[in-house]
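To keep things clear, I will list the structure first and then write my remarks on it.
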Amino acid sequence: MTTSNTTATEGGQTPAVALTINGLAVNAHPGMSLVEAAWHGGVPQVTSVGCLEGVCGSCRVMLRRGKEVTVGLACQTFVEDNIEVVFMPPASAPQHHYEIGDFKDGWDMHARFHKIFPEASRCRHCHGCDKACPKGITVENGVALAAAGRYREAGEAFFECVMCELCDAACPELIAPAHVGLFSRRVTAHFHLRPPNLIHRLEELRQERIETCRDEDNKK
Amino acid sequence: MSNGIPLTEALARYRIDADLGPLPELTDIDALLNTYHPDHLRDSVVKLEVGANAGDNCQRELAGLLQAEAFIDEADLAGTPVTDIDVLVIGGGGAGCAAALAAAENGARVLLATKLRLGDSNTVMAEGGIQAAIEPDDSIQRHIQDTLSGGHHLGDPALVSALAGDGPEVLRWLIHQGMQFDQTPSGDLHTRRAGGMSTPRLVHCRDYTGLEMMRVLREAVIQHRSIEVWEQSPAVELLSNELGQKCVGAVLTSLLDGQLRIVRTRSVILATGGLGRLHLNGFPTSNHLGATGDGLVLAYRIGARLCELDSFQYHPTGLAHPSHLAGKLVTEGARAAGALLVNGLGRRFIDELQPRDVVCAAILRECSEGRGIRTDDQHVGVWLDTPRLERANPGILEQQFTSLMTRTHVAGIDPRREPLLVHPTLHYQNGGAVIDTNGATTVPGLYAVGEVAGGIHGRNRLMGNALLEIISFGRRAGVAATADRDRGPKKVTLEHVNHLRRALTLAGLPMTQRAPQVLPAYAAGGIWNR
C-alpha cells in the first residue's frame with residue numbers, strides 16, 4: 001500500500017501548494033492538513049502532535065495570510081498557497097492553583113473562585129479569546145457566567161473545549177479562560193452530580209462487604 | 001490491491017434508493033476469519049525466540065521490536081543527571097493520570113513522564129463511554145460474564161472480577177474529581193447498551209466521554225502538589241538492580257534537547273498505551289501519534305511476561321477517504337443505528353452487526369476480490385451508506401454523531417449526501433504485560449496498567465471496558481506501588497539489557513534494529529505517505 005502510494009503521488013504530478021512551516025519552504029499536495037504537510041516536507045521537531053482529529057488540542061499553530069494573523073489547530077487546517085505556519089511551543093504551566101479535594105463546602109464557592117481566578121472579573125471584552133478558539137466556543141460569555149457564579153451554565157458553554165489553551169494565550173488580562181471553564185465544569189460535577197442509581201448500587205456493595213466481613217469473623 | 005472500482009466512477013453510480021440485493025448467506029465464519037482477518041494473515045505471526053515468552057506466537061513486526069537492540073548501554077549513563085522519586089509513572093493518558101493521582105493521594109512523591117503532551121493519548125479520543133453495573137436489573141456478576149464471553153473466555157477471571165467490581169466506585173471517584181456524565185430527567189446516570197452487553201451498562205458524556213475524562217484528570221494531575229510532570233520525555237530504557245531482576249527506575253530522554261535523564265525510584269508504573277502507530281500488517285490506525293508500543297518493548301526487555309501478542313482489534317469502519325483522516329473511526333454506533341455496508345458493485349455483503357472481527361474480515365474480502373472502491377491515492381474501501389441512514393431517520397447524523405459531522409465537515413464532505421469510504425483500521429491491542437490484580441507485572445517493582453497490560457479482554461475487548469480498566473487498574477497500581485516501601489535502589493544498572501544481548505547473540509538474531517520506536521518514522525522528520 002505504502003510503496004504504490006509513494007509512486008502514484010510523488011511520480012505523477014509535482015506538489016501544487018507552496019507554503020512555509022517553521023520558516024522552511026514546503027511543497028504540499030492540495031487537501032493535506034498542516035501536520036501532514038510538515039511531515040511531508042521533513043520539517044524537524046514537529047512533536048506537538050497528538051490525536052490528529054481535533055480533540056487533544058496539542059498541534060497549536062500561528063498562521064499568517066498576508067497581514068492577517070490567526071491561530072488554530074494544525075490537524076484541522078489545510079494547506080494554502082503562501083500561508084506561513086509556525087508550530088507554537090507548549091503552553092507554560094498554569095498560574096492558578098487549586099485542588100478540588102480541598103473544597104469541603106459549596107457555599108463559599110463564589111469567594112473561592114475569585115480568589116483562585118482574581119482576573120476573571122477584569123475582562124475588557126476584546127474578543128481575543130473568542131477569535132482564538134478553534135472550536136467556536138463563546139469564551140468571553142463563558143468567563144462572564146463563571147464570574148457571576150453561574151458555574152453550570154459556564155461549564156456548558158465550554159463543553160467542546162479541547163484544552164488547547166489558545167484563549168489563555170490570547171487574553172491580555174491573563175484570565176486563563178480554558179481553566180475557568182474546566183473549573184466550572186468540575187465544581188458542578190463535584191458538588192451537584194449525585195445520581196440515585198449509582199448511589200443505590202454503592203450502598204448495596206457496601207452492605208455486601210459488611211456481611212462478608214461478619215461471616216468471616218463468625219468463622220473465626 | 002490495485003484493482004477495485006475508481007472512486008469517481010463508484011460515486012457517479014451511487015444511488016440513495018438503489019436496490020442493494022439480498023444479503024448473501026454467511027456460511028462459514030471460521031473460513032472467512034482464517035482467510036481474511038489480519039490476525040490470521042499468512043506470515044503475520046512468528047514464534048518469539050528469546051525472553052520470557054520464547055516459543056510463543058507473536059505478530060511479526062512486534063516480534064522484531066521485542067527482540068531488538070537497546071538504544072543505550074552503561075557508557076551512556078556516566079554523568080547523566082539523576083532524579084530520585086518515590087513512584088515513576090510513564091505515560092500521560094488516563095491510566096497514567098489515575099495511577100499518579102492514586103499514588104499521590106497515598107502520600108507518594110510522584111513523577112509522571114510522558115512522551116508528548118500530558119493528555120495526548122487514546123483516552124481523549126474515546127467516544128462511547130465507560131461500563132459500570134449500576135442499573136437495578138444489572139449486577140457485577142453480569143458484567144463479569146459479559147466481559148469474559150466477549151473475550152472468547154480467554155480473559156483472566158480474577159482480573160475481570162476486579163475490573164467489574166470496581167465499576168461503581170470508579171464512577172464515584174471520577175465525579176469527585178469533577179467529571180460530568182449524562183443524566184436522565186430524574187437524575188440517574190444515563191446508560192446505553194452496546195455490543196456484547198446483556199443489559200444497558202455504558203455510562204457516557206454525550207459522544208465525548210474520553211475528552212471529558214482526560215481534561216479533568218489532566219487538570220487534577222497538573223494541580224496536585226505531589227505530582228511533577230515532565231512532558232516530551234519518552235522512556236528509552238528501564239533500570240534494573242545488579243542482578244537484572246528488579247526494576248529500580250528508568251532512563252528518559254527529551255524530544256526537545258535529546259538529553260538523557262536517570263530516574264531512580266521504588267516502583268515504576270508503565271501506562272504507555274497501545275501500538276496502533278506501528279501500522280501492523282500495513283494497516284492504518286485510529287490511534288494517536290504516540291501509540292508505538294514502547295511499554296511492551298521495555299517490559300519485555302527487563303524480563304516481564306506478556307500475553308496474547310498475536311491478537312489485535314481491527315475496527316471495521318475506519319475512514320479511507322479523505323486521506324488526512326485515514327484510519328480514523330466512524331463509531332460502531334452508526335452501524336448500530338442502521339447504517340449499511342455496500343460494496344463497489346452496490347451490493348450488501350455482510351450483516352453489519354456481526355462481531356467486529358467478522359465484519360472486518362468481510363470488508364477485506366470485498367477489497368481483495370476487486371469489489372472495493374479505490375481512491376486516486378490507492379486507498380481501498382467500501383461504502384458506509386450514511387445518506388440512506390439519514391433518509392430513513394432525518395436529522396440523526398447531526399443529533400447523534402456530532403463528532404463525525406464536525407470532522408468530515410472540515411474536509412468538505414457531507415455524510416448526509418455522499419456515503420463514507422471505510423476500511424478496517426488497527427484499533428486496540430487485546431493482550432499485553434501479564435499482571436495481577438494490583439497491576440504488578442512478573443518483574444518486582446514494575447507495574448503495567450491500561451492498554452499496555454493484558455489478560456482482561458482475552459482476545460476481544462468490549463466497548464466501554466477500556467475506560468473502566470484505565471481508572472480501575474491505574475488506581476490499584478498507584479496504591480500498590482506506594483505501599484512498596486523497601487525497594488530503595490542501591491545500584492542502578494542495565495544488567496537486563498546485557499542479559500538480552502547475550503540471548504540475542506546466542507539465538508543468532510540480528511541486532512540491527514533498535515527499540516523502542518518512540519515516534520513513527522513518518523513523524524520523525526520522514527516522509528508522510530499514509
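Each value in this text was obtained by applying a stated rule to the coordinates, not by laboratory testing. Not measured: the values here are computed from a predicted model. Don't worry about glycine lacking a Cβ; one is built from the backbone with ideal geometry, like all the others, and counts go over all protein chains shown.
Tally Lys/Arg at +1 and Asp/Glu at -1 over every other residue whose Cβ is under 12 Å from the Cβ of A:LEU182; what's the total?
So the environment of A:LEU182 carries a net charge of 0.
Grab the DSSP H runs of chain A that are 4 residues or longer, score each as -39,500 (n - 2.57), total them, divide by all residues and round the 222 nm result to the nearest 500 deg cm²/dmol.
That comes out to -11500 deg cm²/dmol.
Determine the gain in length on full extension of the stretch B:GLN259-B:ARG60; use 0.36 nm per residue of separation and subtract their C-alpha separation, reporting nm with one decimal.
Once the chain is fully extended between B:GLN259 and B:ARG60, it gains 68.4 nm.
If I take every Cα pair under 8 Å that is 6 or more residues apart in chain B, average their sequence separation and divide by the length, what percent do I get for the relative contact order? Could the numbers behind the result be given before it?
Details: 1236 pairs, mean separation 136.8, N = 530.
Taking the mean separation of contacting Cα pairs over the length of chain B, I get 26 percent.
May I ask which residue of A:HIS200, A:ALA170, A:CYS213 lies farthest towards the positive end of the charge dipole of region A:163-220, with charges of +1 (Lys, Arg) and -1 (Asp, Glu) on Cβ and the Cα centre as origin?
Working it through, the farthest residue towards the positive pole turns out to be A:CYS213.
With only Lys, Arg, Asp and Glu charged, each at its Cβ (+1 for the first two, -1 for the last two), find how big the charge dipole of region B:307-368 is about the Cα centre; round to the nearest 20 debye.
With Lys and Arg at +1 and Asp and Glu at -1, about 280 debye.
Calculate how steeply helix A:177-192 sits against the longest principal axis of the alpha-carbon atoms of chain A, using the helix alpha-carbon long axis, and give the answer as 0 to 90 degrees to the nearest 10.
Relative to chain A, helix A:177-192 is tipped by roughly 30 degrees.
In region A:36-110, if every C-alpha pair distance is counted and binned at 10 Å from zero, what percent goes to each bin?
Bin by bin from 0 Å, the calculated values are 15, 38, 20, 15, 10, 2.
Got a sec to turn the phi values of region B:155-166 into Karplus ³J(HN,Hα) couplings, 6.51 cos²θ - 1.76 cosθ + 1.60 with θ = phi - 60°, whole Hz, x for Gly and Pro?
Rounded to whole hertz, the list is x, 7, x, 5, 5, 5, 6, 5, 4, 5, x, 6.
By how many degrees, 0 to 90 and rounded to 10, does the Cα axis of helix B:495-506 deviate from the longest principal axis of chain B?
With both axes taken from Cα atoms, the answer is about 60 degrees.
Take A:SER92, B:SER149 and order them by how many other Cβ atoms sit within 10 Å, fewest up front.
A:SER92, B:SER149
Within region B:133-224, report the trypsin sites (Lys or Arg not before Pro) that DSSP leaves as loop and that have at most 15 other Cβ atoms within 10 Å. Working shown, then result.
Numbers: sites: B:ARG142, B:ARG172, B:ARG192, B:ARG193, B:ARG201, B:ARG206, B:ARG215, B:ARG218; in loops: B:ARG193, B:ARG201, B:ARG206.
Answer by residue number: B:ARG193.
When the helix-only estimate is applied to chain B (DSSP H runs of n ≥ 4, each -39,500 (n - 2.57), divided by the residue count), what is the mean residue ellipticity at 222 nm, nearest 500 deg cm²/dmol?
So the helix-based figure for chain B works out to -9000 deg cm²/dmol.
Nearest 10 degrees is fine. How inclined is helix B:356-368 to the longest principal axis of chain B, computing both from alpha carbons?
Between helix and principal axis, roughly 60 degrees.
Roughly how many whole Å is it from the C-alpha centroid of region B:340-389 to that of region A:187-219?
Using only Cα atoms to place each centre, the spacing works out to 47 Å.
Around B:ALA299, under 13 Å between beta carbons, what's the net of Lys plus Arg minus Asp minus Glu among the other residues?
-1
Please compare each pair in A:LYS67/A:LYS135; B:LYS47/B:LYS490; B:LYS47/B:LYS328; A:LYS135/B:LYS328; B:LYS115/B:LYS246 to a cut-off of 28 Å on the Cα-Cα distance and tell me which ones are over it.
Correct reply: B:LYS47/B:LYS490; B:LYS47/B:LYS328.
Between beta-carbons, use under 12 Å as the cut-off and find the net charge around B:ALA54, counting Lys and Arg +1, Asp and Glu -1.
Once all neighbours under 12 Å are counted, the net charge is 0.
Can you give me the Cα centroid spacing of region A:37-70 and region B:399-443 in angstrom?
Using only Cα atoms, the two centres lie 22 Å from each other.
Treating only the Cβ atoms of Lys and Arg (+1) and Asp and Glu (-1) as charged, compute the dipole magnitude of chain A about its Cα centre; round to the nearest 20 debye.
My answer is approximately 420 debye.
Longest exposed-loop-site-free stretch of chain B, with GluC sites (Glu not before Pro), DSSP loop and at most 13 other Cβ within 10 Å? Don't skip to the answer; put the middle values down first.
Numbers: sites that count: B:GLU25, B:GLU242, B:GLU369.
Counting at most 13 other Cβ atoms within 10 Å as exposed, the longest clean stretch of chain B is B:26-241.
Identify, among B:VAL382, B:PRO424, B:GLY210, the residue whose Cα sits farthest towards the positive end of the charge dipole of chain B, taking +1 on the Cβ of Lys and Arg and -1 on the Cβ of Asp and Glu, with the dipole about the Cα centre.
B:GLY210
Which distance in Å, rounded to a whole number, links the C-alpha centroids of region B:2-36 and region B:83-110?
The distance from the Cα centre of region B:2-36 to that of region B:83-110 comes to 49 Å.
Please give me, ordered by residue number, the trypsin sites (Lys or Arg not before Pro) of region A:37-67 that lie in loop per DSSP and have at most 10 other Cβ atoms within 10 Å.
Counting only loop positions with at most 10 other Cβ atoms within 10 Å, the trypsin sites (Lys or Arg not before Pro) in region A:37-67 are A:LYS67.
Take every Cα-Cα pair in chain B and report what % of them are more than 40 Å apart.
For chain B, the share of Cα pairs beyond 40 Å comes to 22 percent.
With 10 angstrom as the radius, rank B:CYS97, A:CYS126, A:CYS75, B:CYS205 by how many other C-beta atoms surround their C-beta, starting from the fewest.
The order, fewest Cβ neighbours first, is A:CYS126, B:CYS205, A:CYS75, B:CYS97.
Give the cross-link partners of A:LYS219 among the aspartates and glutamates, using a straight C-alpha distance below 20 Å as the criterion and excluding same-chain residues fewer than 8 apart.
A:GLU208, A:GLU211
Give me the lysines in straight-line cross-link reach of A:LYS104: C-alpha distance below 23 Å, same-chain residues under 8 apart excluded.
Straight-distance partners of A:LYS104: A:LYS115.
Taking neighbour counts of Cβ atoms within 10 Å as a proxy for exposure, in what order, fewest first, do B:HIS37, A:HIS125, A:HIS179 appear? Please list the in-between numbers first.
Numbers: B:HIS37 20, A:HIS125 8, A:HIS179 25.
Result, fewest neighbours first: A:HIS125, B:HIS37, A:HIS179.
Using Stokes-Einstein with the Kirkwood hydrodynamic radius over Cα pairs, what translational diffusion coefficient do you get for the protein assembly as shown at 4 °C and a viscosity of 1.567 mPa s, in µm²/s rounded to a whole number?
This corresponds to a translational diffusion coefficient of 49 µm²/s.
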